[in-house]
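A.B. asks: If you scroll down you'll find the structure; I have some questions about it.
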Amino acid sequence: MLLTLVVLGVLGAAAIAFARWPLLDSGGGAREWRTTTATVVRSASCGAPDARDLVRVRVGERRLRVPFDGCGHPEGSRLEVRVPARPSGDVHARPPERGGGTGGTGLLVFDSRASTVLCVLAAVSGAGYVLMLAGGSRGPSA
């Protein structure tokens, strides 16, 4: 019983550590992101695998044509996108985070991590409650 409670405690601590850990999105490292407006230059059909629109975006003093993680937007339409603040290598634009801020560090949106952690903590609590009930219903050990 003690070992089970220790395992449940470690699982709960791991869930809390998961919530605090800076999980980076698939940008390949800790980058600073900024939100800006882009114009669709070439629209991609969403039927193709890995389809991406091509957008024109201004990053600092540079105007770049970069792929956008999205498809099917009409040419000439303007979109809010996230781009690296200091572009280097393979640059592409992403949809803005749901938080609606003015940029960010490229971290995953916190509410999805929080809901995952809360679900794990609820499962740990439920398991502990079941152990408590099962431990109390045993007969006297002779």
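A.B. asks: Hey, among LEU3, LEU54, LEU23, which residue is modelled with pLDDT under 85 and surrounded by 10 or more Cβ atoms within 10 Å (Cβ to Cβ)?
C.D. replies: Details: LEU3 fails: surrounded by 10 or more Cβ atoms within 10 Å (Cβ to Cβ); LEU54 fails: modelled with pLDDT under 85.
The match here is LEU23.
A.B. asks: Of all residues in the stretch 57-81, count the ones that are part of a strand (DSSP E or B) and loosely packed, with under 11 Cβ neighbours inside 10 Å.
C.D. replies: Qualifying residue count, the stretch 57-81: 2.
A.B. asks: For ALA38, indicate whether it is hydrophobic (A, V, I, L, M, F, W, C), modelled with pLDDT of 80 or more and over 23 Å from the mean Cα position of the chain (by Cα).
C.D. replies: In short, no.
A.B. asks: A follow-up question, please. Looking at the stretch 83-115 only, could you name the residues that are in a helix (DSSP H, G or I) and at pLDDT below 75?
C.D. replies: Start the filter on the stretch 83-115 by keeping residues that are in a helix (DSSP H, G or I), which leaves 110-115.
Result: PHE110, ASP111, SER112, ARG113, ALA114.
The values are calculated or read from the model by the stated rules, or taken from the named source; none is laboratory data. Computed from a prediction, not measured in an experiment: that's the story for all the values here. No Cβ is skipped: glycine too gets one built from the backbone with ideal geometry, and neighbour counts run over all protein chains shown.
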